[in-house]
Amino acid sequence: MRGLSLLGAEDRRMDVLAWLRGLGLEQYAPAFRDNDIDDAVLRRLTAEDLRELGVASVGHRRRLLDAIGALDEADTAAAGTADVPVPASTVVTGAERRQLTVMFCDLVGSTALSRQTDPEDLNALISAYHRVVAEQVGRFGGYVAKYMGDGVLSYFGYPQAHEDDAALAIQAGLAILDAVPGFAAAAATAAIAQQPQVRIGVATGLVVVGELIGEGTAQERNVVGETPNLAARLQSLADPGTLVIAETTHRLAGGLFEYRDFGAVSLTGFAEPVPVWQVLRPSAVESRFEALRAGALTPLVGREEELELLLRRWQRANAGEGQVVLLSGEPGIGKSRLSAALRERLEGEPHARLRYFCSPHHQDSALHPFIAQLERAAGFAQDDTPEQKLGKLAALIAPGARDHDEVTLIADLLSLLPSGAAELDLTPQRKREKLLAALLHQLEALARQQPVLMMVEDLHWIDPSSRELLDLTIERAASLPVLLILTFRPEFQAPWSGLPQVAALTLNRLDRRNGTAIVERIAGNCKLPDALPAEIVERADGVPLFVEELTRAVIEAGPGGEALAGAMPLPSSGVPPALQASLVARLDRLGPAAREAAQIGAVLGREFPYGLIACVAQPRAEADLQAALVALTGAGLLFCRGAAPRSSYLFKHALIQDAAYETLLRARRQELHRTAAQAIAAEFPTLAEAQPEVIARHWERGGRCRARVRDMAKGRRGRALAQCFYRGAGGLPARARHASPDAALAGARRNGIGAADCHKPDDRRNQRVPLARSD
Ligand SMILES: Nc1ncnc2c1ncn2[C@@H]1O[C@H](COP(=O)(O)OP(=O)(O)O)[C@@H](O)[C@H]1O
Ligand SMILES: [Mg+2]
């Protein structure tokens with residue numbers, strides 16, 4: 001089609017029969033000829049017309065309408081109008097918009113090295129360095145995108161996003177710096193005099209990532225955007241042996257690390273000075289929850305009944321009747337916050353507190369939460385020698401240990417014994433049993449002195465050994481003054497719910513009043529427009545984490561109430577950076593097919609019927625689409641009503657819909673919106689009549705509304721459509737609002753208001769589509 005743009009307008013008329021042949025639909029040629037369908041008429045054909053022409057097959061009508069749409073596109077491109085979408089041929093398959101954390105890692109002084117060193121030795125050194133980087137990047141969930149001589153470019157957040165990609169990239173960077181002595185040894189064997197050093201830059205931001213555009217078959221994942229540049233610049237700024245990060249990365253990683261603030265630094269290629277931090281080390285905070293919420297927590301809102309239940313269970317535990325509470329709920333719903341509230345309430349009471357944190361990156365690392373807790377409780381310092389650590393550990397655990405073997409086993413668990421626990425001469429099985437018993441004895445000893453509040457967070461990430469120890473703990477705690485609180489997301493099946501000492505508590509979304517209270521507390525003195533808190537709570541679906549982040553995003557976007565009130569209520573690119581990774585991670589986990597189905601669904605609306613997504617997703621096989629929808633439903637991202645093909649779907653969270661939508665390239669979004677508009681017009685006539693604004697919105701977002709509305713205004717449906725565009729134009733005089741649709745459209749145009757101007761900016765979420773195909 002692109003070749004057409006080289007022709008003059010006259011020459012653009014084409015042979016309709018040849019066009020049909022090109023589509024493999026020449027059987028309709030006689031009907032087209034008999035009904036005088038020439039080039040001009042062809043471009044105006046509707047689904048109804050096609051039916052009248054005898055095109056009975058839905059698939060054929062779809063193909064024809066798509067091809068007609070493509071003709072229009074070529075015309076618009078040729079005419080050079082403003083609302084031209086990117087031609088389909090430049091759309092990169094598989095490419096996506098992403099929030100990506102980019103790490104740039106460089107071997108310092110390699111040019112000098114290359115002059116002084118035999119190439120073979122240098123090669124050995126660089127290989128060792130590459131191995132270290134690849135290993136650490138892989139260990140923290142990153143992806144090595146490119147080796148550029150002695151530079152290594154890595155991504156965190158693609159192809160698989162993780163909740164905490166920014167923090168993972170930093171951890172990987174620190175681990176690489178730690179590993180330098182390892183390949184320094186390789187350098188020494190290669191007789192390289194100079195001690196090799198590494199410097200690292202990390203930045204986070206929005207990029208387009210995917211396969212390379214254009215010719216050739218080199219399928220390299222390429223990234224376009226400012227972020228890789230920034231990471232590279234930061235790297236060149238870093239002193240040898242250090243890691244520096246950009247503002248966005250710093251914000252996302254919050255209190256998880258300690259930093260040195262460099263202030264704003266001028267960088268080549270960046271107009272404004274850029275704030276830069278050096279990462280010094282992981283911080284000593286006890287939990288992620290606290291680390292990411294530096295400063296005072298906002299006061300607890302609601303949850304009175306839940307807190308009451310926890311306090312009652314605490315009373316019973318206090319009396320020696322050990323209790324377990326299974327506290328479950330989706331991410332961000334407030335499990336950690338409620339646990340914190342209980343700790344606050346018990347502040348004045350004598351008791352011991354034990355806290356354990358499961359982590360997504362330690363699911364294969366046996367007893368990790370218990371090891372980390374012991375290290376914190378013993379007070380290990382960064383530069384303690386193994387002997388010092390052993391001394392601290394012994395002081396902590398010896399009083400509760402039944403014999404010295406138990407101390408040895410626990411010290412071995414913390415890797416503090418050079419020869420392991422070999423002296424005990426136990427089979428691996430026996431050693432394991434004794435170790436678990438030793439850990440249990442520690443709890444018993446503590447509970448003999450005072451009641452114990454024991455919290456294990458995020459069991460959905462627990463490793464099998466910790467799980468076994470937890471089984472034993474629950475059994476044993478029944479007769480100890482212990483309240484054990486276990487938090488997890490709904491995907492974790494807790495096996496203990498039938499036991500008498502176990503209570504299950506599921507946290508639901510906050511109601512509007514409580515949600516609004518969170519907005520107000522975060523907003524503080526910043527006055528928000530009246531309608532905004534309710535809108536935030538609705539968009540956040542009552543999930544406190546979403547409420548907080550959306551409110552922060554709004555406050556950061558505008559200087560104050562006045563500016564906000566006049567502006568669009570919520571930023572339209574609405575997913576706050578802090579939520580991007582965790583939402584996209586939920587989609588990524590299900591694989592590309594499910595992600596793509598979510599993206600198409602996101603274009604259709606918060607709610608969409610199966611019939612419509614099946615139409616828009618063509619030519620994908622329906623079986624694949626159904627499997628993808630089942631996966632999305634199973635993962636709790638979509639609610640499903642009915643069974644395919646009569647089913648309908650609802651995004652569980654508006655923000656999941658937004659996150660999926662925002663990963664689409666603009667060109668692909670437009671294409672999907674246009675396909676949706678055509679599909680609704682062709683296959684859902686009842687909807688098209690009843691809610692022309694839905695089609696209008698798709699055309700508008702498809703980037704071609706003006707020409708399309710002009711065309712459509714000629715038909716009955718088109719007049720309704722024009723009227724609806726017109727209704728959206730708040731700036732017109734009242735008398736004009738009652739004019740005829742054609743006059744309305746003309747009036748709107750006279751006033752210089754194109755369809756794009758006439759519409760409420762972001763109503764995607766509110767689209768409601770009937771639940772079954774209407775014909
Ligand atoms: N009832 C509440 N009142 C005030 N803030 C809350 C409440 N519940 C959750 N939050 C806040 O929402 C965010 C997410 O809560 P969190 O406890 O971390 O969720 P979860 O542990 O379930 O993933 C936190 O910043 C928390 O302080
Ligand atoms: Mg939590």
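The values are calculated or read from the model by the stated rules, or taken from the named source; none is laboratory data. Computed from a prediction, not measured in an experiment: that's the story for all the values here. As a convention, Cβ positions derive from the backbone with ideal geometry for all residues, glycine included, and neighbour counts pool all protein chains shown. The accessibility values were calculated without ligands, DNA or RNA, using every heavy atom of the protein model including side chains. Shrake-Rupley method; radii C 1.70, N 1.55, O 1.52, S 1.80 Å.
Give just the number: which of (1) within 16 Å of ligand 1 (Cβ to nearest atom); (2) in contact with a Pro (Cβ under 8 Å, 6 or more places away or on another chain) does Arg355 not satisfy?
Going through the list (1) within 16 Å of ligand 1 (Cβ to nearest atom); (2) in contact with a Pro (Cβ under 8 Å, 6 or more places away or on another chain), Arg355 breaks only (2).
For the range 612-630, indicate whether the set of residues that are in a strand (DSSP E or B) and open to solvent by 10 Å² or more (accessible area, probe 1.4 Å) is non-empty. Break it down stepwise before answering.
Of the residues in the range 612-630, the ones in a strand (DSSP E or B) are none.
No, the range 612-630 contains no residue that is in a strand (DSSP E or B) and open to solvent by 10 Å² or more (accessible area, probe 1.4 Å).
Considering only residues that are at pLDDT below 70 and surrounded by 11 or more Cβ atoms within 10 Å (Cβ to Cβ), look in the range 287-297 and name the one that is farthest from ligand 1 (Cβ to nearest atom). Before the answer, list the steps.
Step one: filter the range 287-297 for residues at pLDDT below 70, giving 293-297.
In the following step, the residues that additionally are surrounded by 11 or more Cβ atoms within 10 Å (Cβ to Cβ) were identified as 293-294, 297.
On the way: Arg293: 5, Ala294: 11, Leu297: 5 Å.
Looking at residues that are at pLDDT below 70 and surrounded by 11 or more Cβ atoms within 10 Å (Cβ to Cβ), I get Ala294.
Could you please find all residues in the range 259-286 being more than 16 Å from ligand 2 (Cβ to nearest atom), open to solvent by less than 70 Å² (accessible area, probe 1.4 Å) and part of a loop (DSSP other than H, G, I, E, B)?
Answer for the range 259-286, where residues must be more than 16 Å from ligand 2 (Cβ to nearest atom), open to solvent by less than 70 Å² (accessible area, probe 1.4 Å) and part of a loop (DSSP other than H, G, I, E, B): Leu267, Phe270, Pro273, Ser283.
When you go through Ala317, Ala341 one by one, which is the residue that is among the hydrophobic types (A, V, I, L, M, F, W, C), part of a helix (DSSP H, G or I), open to solvent by less than 20 Å² (accessible area, probe 1.4 Å) and more than 9 Å from ligand 1 (Cβ to nearest atom)? Outline the logic, then answer.
Details: Ala341 fails: more than 9 Å from ligand 1 (Cβ to nearest atom).
Exactly one of Ala317, Ala341 is among the hydrophobic types (A, V, I, L, M, F, W, C), part of a helix (DSSP H, G or I), open to solvent by less than 20 Å² (accessible area, probe 1.4 Å) and more than 9 Å from ligand 1 (Cβ to nearest atom), namely Ala317.
With the condition kept exactly as written, say whether any residue in the range 373-394 is among the small types (Gly, Ala, Ser), part of a helix (DSSP H, G or I) and under 26 Å from the mean Cα position of the chain (by Cα). Reasoning before the result, please.
Taking the range 373-394 first, the residues among the small types (Gly, Ala, Ser) are 377-379, 381, 391, 394.
If we keep only those that are part of a helix (DSSP H, G or I) as well, we get 377-378, 391, 394.
Still in the list and also under 26 Å from the mean Cα position of the chain (by Cα): none.
No - not one qualifying residue is present in the range 373-394.
Give Glu468, Glu491 a once-over and let me know the one that is assigned to a loop (DSSP other than H, G, I, E, B) and either more than 16 Å from ligand 1 (Cβ to nearest atom) or open to solvent by 30 Å² or more (accessible area, probe 1.4 Å) (or both). Break it down stepwise before answering.
On the way: Glu468 fails: assigned to a loop (DSSP other than H, G, I, E, B).
After applying the criteria, what remains is Glu491.
If we scan the range 245-252, do we find a residue that is among the β-branched types (Val, Ile, Thr), modelled with pLDDT of 90 or more and either under 24 Å from Val180 (Cα atoms) or surrounded by fewer than 19 Cβ atoms within 10 Å (Cβ to Cβ) (or both)?
Within the range 245-252, the subset among the β-branched types (Val, Ile, Thr) is 245, 248-249.
From the residues that got through so far, the ones that are modelled with pLDDT of 90 or more too are 245, 248-249.
Next, only the ones that are either under 24 Å from Val180 (Cα atoms) or surrounded by fewer than 19 Cβ atoms within 10 Å (Cβ to Cβ) (or both) stay: 245, 249.
Checked the range 245-252: at least one residue is among the β-branched types (Val, Ile, Thr), modelled with pLDDT of 90 or more and either under 24 Å from Val180 (Cα atoms) or surrounded by fewer than 19 Cβ atoms within 10 Å (Cβ to Cβ) (or both).
Between residues in the range 605-624 that are under 14 Å from Ala682 (Cα atoms) and in contact (Cβ under 8 Å) with a residue 40 or more places away in the chain and residues that are part of a helix (DSSP H, G or I) and open to solvent by 10 Å² or more (accessible area, probe 1.4 Å), which pairs lie under 7 Å by C-beta distance while being six or more apart or on different chains?
Matching pairs, first to second residue: Val616/Thr675.
Can you find a residue that is farther than 19 Å from Gln99 by Cβ and touching a strand residue (DSSP E or B) at 6+ places or on another chain (Cβ under 9 Å) anywhere in the range 293-301?
As a first pass, look at the range 293-301 and keep what is farther than 19 Å from Gln99 by Cβ: 293-301.
Pick out the ones that are also touching a strand residue (DSSP E or B) at 6+ places or on another chain (Cβ under 9 Å) and you get none.
Scanning the range 293-301, I find no residue that is farther than 19 Å from Gln99 by Cβ and touching a strand residue (DSSP E or B) at 6+ places or on another chain (Cβ under 9 Å), so the answer is no.
Tally up the residues in the range 320-338 that are within 13 Å of ligand 1 (Cβ to nearest atom) and either open to solvent by less than 30 Å² (accessible area, probe 1.4 Å) or at pLDDT 95 or above (or both), please. Spell out how you get there, then give the answer.
At the first step, the residues of the range 320-338 found to be within 13 Å of ligand 1 (Cβ to nearest atom) are 327-338.
Now narrow it down to the ones that are either open to solvent by less than 30 Å² (accessible area, probe 1.4 Å) or at pLDDT 95 or above (or both): 327-336, 338.
Matching residues across the range 320-338 total 11.
Here is a check on your reading of the model: is Leu505 in contact (Cβ under 8 Å) with a residue 12 or more places away in the chain and buried (at least 20 other Cβ atoms within 10 Å of the Cβ)?
On the way: in contact (Cβ under 8 Å) with a residue 12 or more places away in the chain: yes; buried (at least 20 other Cβ atoms within 10 Å of the Cβ): no.
When the stated conditions are applied, Leu505 does not pass them.
Okay, residues lined up against (1) under 12 Å from the mean Cα position of the chain (by Cα); (2) modelled with pLDDT of 85 or more:
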{"site": "Arg552", "(1), (2)": "no, no"}
{"site": "Gly560", "(1), (2)": "no, no"}
{"site": "Ala578", "(1), (2)": "yes, no"}
{"site": "Ala594", "(1), (2)": "no, yes"}
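Give all pairs with beta carbons closer than 6 Å in which a residue from the range 374-387 that is in contact (Cβ under 8 Å) with a residue 24 or more places away in the chain meets a residue that is open to solvent by less than 50 Å² (accessible area, probe 1.4 Å) and part of a loop (DSSP other than H, G, I, E, B); count only pairs at least 6 apart in sequence or on separate chains.
Close Cβ pairs satisfying both conditions: Pro386/Leu416.
Which count do you get for residues in the range 411-426 that are over 21 Å from Lys389 (Cα atoms) and at pLDDT 90 or above?
0
Exactly one of these conditions fails for Val276: (1) within 16 Å of ligand 1 (Cβ to nearest atom); (2) touching a residue at least 40 places away in the same chain (Cβ under 8 Å). Give me its number.
(1)
Considering only residues that are free of Cβ contacts under 8 Å to residues at least 40 places away in the same chain and open to solvent by 80 Å² or more (accessible area, probe 1.4 Å), which ones fall in the range 121-134?
Residue satisfying the conditions is Asn123 alone.
Select from the range 494-553 the residues that are β-branched (Val, Ile, Thr) and not in a helix (DSSP H, G or I) and write down the one among them that is nearest to ligand 2 (Cβ to nearest atom). I'd like the intermediate steps shown before the answer.
Our first condition is that a residue be β-branched (Val, Ile, Thr); within the range 494-553, this holds for 502, 506, 516, 518-519, 522, 536-537, 543, 547, 551.
Keeping just the survivors that are not in a helix (DSSP H, G or I) gives 502, 506, 543.
Details: Val502: 20, Thr506: 14, Val543: 12 Å.
In this case the residue turns out to be Val543.
Which condition from (1) open to solvent by less than 40 Å² (accessible area, probe 1.4 Å); (2) out of contact with any Leu (no Cβ under 7 Å at 6 or more places or on another chain); (3) part of a helix (DSSP H, G or I); (4) within 16 Å of ligand 2 (Cβ to nearest atom) is the one that Glu406 breaks?
Answer for Glu406: the failing condition is (4).
Answer yes or no as to whether Val482 is within 16 Å of ligand 1 (Cβ to nearest atom), of a type outside the set (Lys, Arg) and open to solvent by less than 20 Å² (accessible area, probe 1.4 Å). Even if it seems obvious, please write down each step before you answer.
Working: within 16 Å of ligand 1 (Cβ to nearest atom): no; of a type outside the set (Lys, Arg): yes; open to solvent by less than 20 Å² (accessible area, probe 1.4 Å): yes.
No.
Could you grab the pairs with beta carbons closer than 9 Å, sequence gap of 6+ or different chains, first residue in the range 335-362 and under 25 Å from Leu439 (Cα atoms), second one near ligand 2 (Cβ under 10 Å from one of its atoms) and of a type in the set (S, T, N, Q)?
Taking only residues 6 or more apart or on different chains, the pairs are Ser336/Ser287; Ser336/Thr487; Ser339/Thr487; Arg355/Ser287; Arg355/Ser339; Phe357/Ser287.
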